[in-house]
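J.: This structure is in structure tokens; I'll ask about it shortly.
Just so it is clear, none of the values below were taken in a lab; they were calculated from the coordinates. In this text, all values refer to a predicted model and were calculated from it rather than measured experimentally. We place every Cβ from the backbone using ideal geometry, glycine too, and count neighbours over all the protein chains shown.
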Amino acid sequence: MSYLQKSPWIIHYDASSCNGCDIEVLACLTPLYDVERFGILNTGNPKHADIFVITGGVNEMNKEVVRNIYEQMPHPKVVVAVGICACSGGVFRECYNISGGVNTVIPVDIYVPGCAARPESIIDGIVQALGVLEKKKTAMLRGEGIA
Amino acid sequence: MKAGVMALTVLKNLIKGPYTSRYPYAPAKVSPATRGYLDVTIEDCIFCGLCRMHCPADAIEVNKTERTWTINRFRCVICGCCVDYCPKKCLHCEQSYTVPGTEPVIAQYTGPVPEEKPVQPGESSA
Amino acid sequence: MIKKAQSFQALSPAELIQSVQTCHDEGYRLVQISCTHDGDNYELTYSFDRDLALSHLRIRIPPETAIPSISRIYLAAFVYENEIADLFGIPITGIAIDYKGTFIRTKIPHPFGSPQVVKAGSKTEERDE
Amino acid sequence: MSKQIVLPFGPQHPVLPEPIHLDLVLEDERVIEAVPSIGYVHRGLEKLVEKRDYKDYVFIAERICGICSFIHSATYCHAVETVMEVEVPRRAEYLRTIWSEYSRLHSHLLWLGCFADSMGYENLFMNSWRLREKILDVLERTTGGRVIQGVCRVGGVSRDIPPEELARMSRELAGLRPELRELTRVFEEDITVQTRTKRIGLLPKDAAWDLGAVGPVCRGSGISSDMRSTGYAAYDDLDFKPVVKSDGDCYARCLVRAEEMFSSISLIEKAIDRIPGGDVLVPVKGNPSGEFYARAEQPRGEVIHYVKANGKKNLQRHRVRTPTLANVPALVKMLAGCELADVPVIVLTIDPCIGCMER
């Protein structure tokens, strides 16, 4: 039963998504998909979190909020961009108020496509993120600096 | 009374088993109607570019001279708009979804070289 | 499908407050205020509802003209008026809760304040990430 | 006696699924004034209408909000169809009604979950989301998308529901009722829930009218205003009656939503019974010219899609007045005078949808 080696805690922030991906992230926590069986917990405090799940593209106003949350998270940390909007800006790419995907503000490790991203995709994304987390951790322990 | 209700719930749960889908072990739940990812039957494509023109997310690139049809999977919103517009009905949605990744996936399809038949019809502007 | 007629009543900006007050006294509910570009002018539409029928008051103003706020009559108007002030750059005087341009903060000021830009047929160039 | 302090609430807050920022002016534990500030989710998608074909814009209109997505697309289509004087097939209108009501069910269950979470009632949260998955299953089976359906087109809908599927839906709905009753029983029986909601966040009837509240917020204050009574789509055939409560507190708003779920089920059942045959999509040619304010009832209240076209393939203006925006003045009124610990509960009873509100 050891699908995951570690129990990562996630923090979710809705940049400027339409809610579609948000409610799918929430749906992951509820009985049908229940990521808590892997020990994945949703936390509201960035200092507790290992994985930053972010939905939606980034606009001028929440740029700082996103950066703030990211910087408050302890190392090692992984960013998972959920949904097309977070990957590239999606259908709102050409809107005057959207700067683009999340990677315009903070480095993104895993992209989860889909509009809205399906809960299964999100689980896959978080599982992949755990691999990245492990790599970052070993790199950190070897003293290769913070990546 | 309350205890009875509770006992019934416990019993029901014992018989029914867990509600949770065992996702990574069991396959993902899809229905025949599910729009997962966009696929093209490249042999039928006439590279008219209607799908590119109408894509709300600008995910599709069509190059007529090189006979390539390219989709940026990390931009496609799988709305099915292009499927409606395609004059040759060579676009369709598959049920399984694109796997998450560390890099954007851009899939390129190259059409076969046409036989002597001249390539053109169906290219009216929308 | 039942289609209800929607009546438009054109007004001059000076008559606005008086007419809105009349609507308020007659028991109309403020539904929304919308703004549209119309040539060089702006067109503001105040929509009211009574018994599930919509009626609209419409004023046309040249750009940069200040118009009075109706939020003293309908407090609910403050959200729409702040929105119009932020998106179109129309100065609205005397809003009950005035955010002074911080209600919706946008990357470019007054994004709707310029005439319609249609890039006919052309897809915008790649702004790749 | 004590001096006032300003407490910022949000945008990133454990109880809020979405970013909204409130400046709460406090005196001890009591909120004197609440000033919302928005813009964290503003995308400016109304401007995109100038770049996209009016038919392709349906998909963008649908992505205004991921919860009431279907109703947004249907209302946008309704507006464009009225401008173009397109007669939509009756079956398509029935299908739109069915999907709209399913969206309402899923949205209300989602609200019930989030609301329970704001009170710390984990069990109800999990159970309502469990039930919601059944609704999403139906939506996925019939439309192809769980939360973004993508079936509405100008001139009808792109996908028909076959009779055997309709029969299956009807059977499943019958099984849904007892489960839903089980969930909503908490409002009648649970004293904790009642003490958390009764006489809290009061919105008297005349204040609701003055502040332009819509949807369950105004129906909870005794105003019988439901756009479904205007009989758009197929609602004129379904003997629709709005659910109205008169107390104007959080409890009344909860009861309105709880009863609306049952009324949605019976509306779907009636629609399945009475659905006529025929086409579901008519071809639409030409470009629109004219303007129209289309109104529809979303789970959160009345939504208005205004389209203005001048004979080109791009519309001149598309404006959405979303229900949450109309409920903000009411929220400000409700928060004034409440206790700090009640703020999340009161915010959740207007069922805020920030994605909608800021577009």
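J.: Once the Cβ-Cβ distance between A:K47 and C:S7 is put in as r, and R0 is 60 Å, what FRET efficiency do you end up with, to the nearest 0.05?
T.: Numbers: r = 58 Å, r/R0 = 0.97.
Calculated transfer efficiency: 0.55.
J.: Identify the GluC sites (Glu not before Pro) of the stretch C:1-100 meeting these criteria: DSSP loop state and at most 13 other C-beta atoms within 10 Å of the C-beta. Write out the running numbers ahead of the final one.
T.: On the way: sites: C:E15, C:E26, C:E43, C:E64, C:E81, C:E83; in loops: C:E26, C:E64.
When the GluC sites (Glu not before Pro) of the stretch C:1-100 are filtered for loop state and at most 13 Cβ neighbours within 10 Å, C:E26, C:E64 remain.
J.: May I ask you to work out the translational diffusion coefficient for the stretch D:102-249 at 4 °C, viscosity 1.567 mPa s, via Stokes-Einstein with Rh from the Kirkwood sum over Cα pairs, reported in whole µm²/s? Numbers along the way, then the final one.
T.: On the way: Rh = 17.7 Å.
Calculated translational D: 73 µm²/s.
J.: Taking every pair of Cα atoms in the stretch B:29-110, average 1/r, invert it to obtain the Kirkwood radius, and report Rg/Rh to two decimals.
T.: Rg/Rh: 0.95.
J.: What spacing in nm lies between the two simple spin-label points modelled at B:T102 and B:Y25, each 7 Å away from Cα in the Cβ direction?
T.: Label at B:T102, label at B:Y25, 2.9 nm between them.
J.: To continue, here is another question. Filter the DSSP H helices in chain A by two things, a Kyte-Doolittle mean of at least 0.0 and an axial alpha-carbon span of 30 angstrom or more, and list the hits by number.
T.: Membrane-span-like by this rule: A:119-141.
J.: Whose amide H sits under 5 Å from the amide H of D:I200, counting only residues 5 or more places off or on another chain, with H placed in the peptide plane?
T.: When sequence neighbours closer than 5 places are left aside, the close amide H contacts are D:C250, D:Y251.
J.: Given a Förster radius of 41 Å and the C-beta distance between D:V25 and C:N41 as r, what FRET efficiency does 1/(1 + (r/R0)^6) yield to the nearest 0.05? Numbers along the way, then the final one.
T.: Working: r = 40 Å, r/R0 = 0.97.
Using R0 = 41 Å, I get an efficiency of 0.55.
J.: Then there's this: Output needed: Cys residues of chain D lacking any neighbouring Cys C-beta below 4.7 Å, sorted by number.
T.: Taking the Cβ cut-off of 4.7 Å, the unpaired cysteines of chain D are D:C68, D:C77, D:C114, D:C152, D:C218, D:C250, D:C254, D:C338.
J.: Kindly express, to the nearest 10 degrees and within the range 0 to 90, the angle between helix D:250-274's C-alpha long axis and the longest C-alpha principal axis of chain D.
T.: Roughly 20 degrees, rounded to the nearest 10.
J.: While we're on this one: What are the principal axis extents of the Cα atoms in the stretch D:255-345, in Å, biggest first?
T.: Result, largest extent first: 57, 40, 15 Å.
J.: According to a simple spin-label model (label point 7 Å from Cα along Cα-to-Cβ), what is the distance in nm between D:T195 and D:D273?
T.: Using points 7 Å along Cα→Cβ, the separation is 4.4 nm.
J.: Provide the FRET efficiency to the nearest 0.05 for the C:I108-C:R72 pair, computing r from the beta carbons and using R0 = 25 Å.
T.: The calculated FRET efficiency here is 0.20.
J.: Report the Stokes-Einstein translational diffusion coefficient (µm² s⁻¹, integer) for the protein assembly as shown, Rh taken as the Kirkwood radius over Cα pairs, at 37 °C with viscosity 0.692 mPa s.
T.: 123
J.: Ok, one more. Could you identify which residue out of D:P283, D:P329, D:P89 has the top mean-square fluctuation in a GNM of chain D using Cα springs shorter than 10 Å?
T.: Its mean-square fluctuation being the largest, the pick is D:P283.
J.: Separate question: Give me the angle, in degrees from 0 to 90, between the Cα long axis of helix B:2-16 and the longest principal axis of the Cα atoms of chain B, rounded to the nearest 10.
T.: Computed tilt is about 50 degrees.
J.: List the pairs from C:K100/D:K308; B:K2/D:K333; D:K205/D:K241; D:K55/D:K205 whose alpha-carbon separation is above 31 Å, in the order I gave them.
T.: B:K2/D:K333; D:K55/D:K205
J.: Separate question: Tell me which lysines have Cα within less than 18 Å of A:K137's Cα, excluding those fewer than 8 residues away on the same chain?
T.: A:K137 reaches A:K6, A:K47, A:K77.
J.: So, one more: Along the three principal axes, how long is chain D when you take its alpha carbons, biggest first, rounded to the nearest angstrom?
T.: Over chain D, Cα extents along the principal axes are 69, 46, 34 Å.
J.: Once you sort the root eigenvalues of the Cα gyration tensor of the stretch C:7-103 as a ≥ b ≥ c, which label holds: rounded (a/c under 1.5), prolate (a/b larger than b/c) or oblate (the other case)?
T.: On the way: a/c = 1.73, a/b = 1.27, b/c = 1.37.
Oblate is the answer for the stretch C:7-103, as a/c is 1.5 or above yet b/c matches or exceeds a/b.
J.: So for the pair A:K137, A:R67, with labels modelled 7 Å out along Cα→Cβ, what separation do we get in nm?
T.: About 3.0 nm separates the two model spin labels.
J.: Would you compute, from DSSP H runs of 4+ residues alone, the mean residue ellipticity of the protein assembly as shown at 222 nm, taking -39500 (n - 2.57) per run and dividing by the full residue count, rounded to the nearest 500? Don't jump to the answer; show the numbers that get you there.
T.: On the way: 21 runs with 265 residues, N = 761.
The helix-only estimate for the protein assembly as shown comes to -11000 deg cm²/dmol at 222 nm.
J.: Starting with the fewest neighbours, write out D:E50, D:E179 ranked by other beta-carbon atoms found within 10 Å of each beta-carbon.
T.: Final ranking by Cβ density, sparse to dense: D:E179, D:E50.
J.: Which whole-Hz ³J(HN,Hα) couplings does the stretch D:323-332 yield from phi under the Karplus relation 6.51 cos²θ - 1.76 cosθ + 1.60, θ = phi - 60°, glycine and proline marked x?
T.: Each residue of the stretch D:323-332 in turn: x, 5, 4, 5, 8, 4, x, 5, 5, 4 Hz.
J.: From the backbone phi of the stretch D:180-191, what are the Karplus-calculated ³J(HN,Hα) couplings (6.51 cos²θ - 1.76 cosθ + 1.60, θ = phi - 60°) in whole Hz, Gly and Pro given as x?
T.: Working through the residues one at a time gives 5, 5, 4, 6, 6, 4, 4, 5, 8, 9, 7, 5 Hz.
J.: Specify the longest stretch of chain B that does not include any exposed loop site, a site being one of the chymotrypsin sites (Phe, Trp or Tyr not before Pro) with a non-H, G, I, E, B DSSP assignment and at most 14 other Cβ atoms within 10 Å. The partial results should precede the final answer.
T.: Working: sites that count: B:Y19, B:Y25.
No qualifying site falls inside B:26-126, the longest such stretch.
J.: Residues with amide H under 5 Å of C:S71's amide H, sequence separation 5 or more or different chain, H placed in the peptide plane at 1.01 Å from N; which?
T.: Under 5 Å from the amide H of C:S71 lie the amide H atoms of C:A96, each far enough along the sequence or on another chain.
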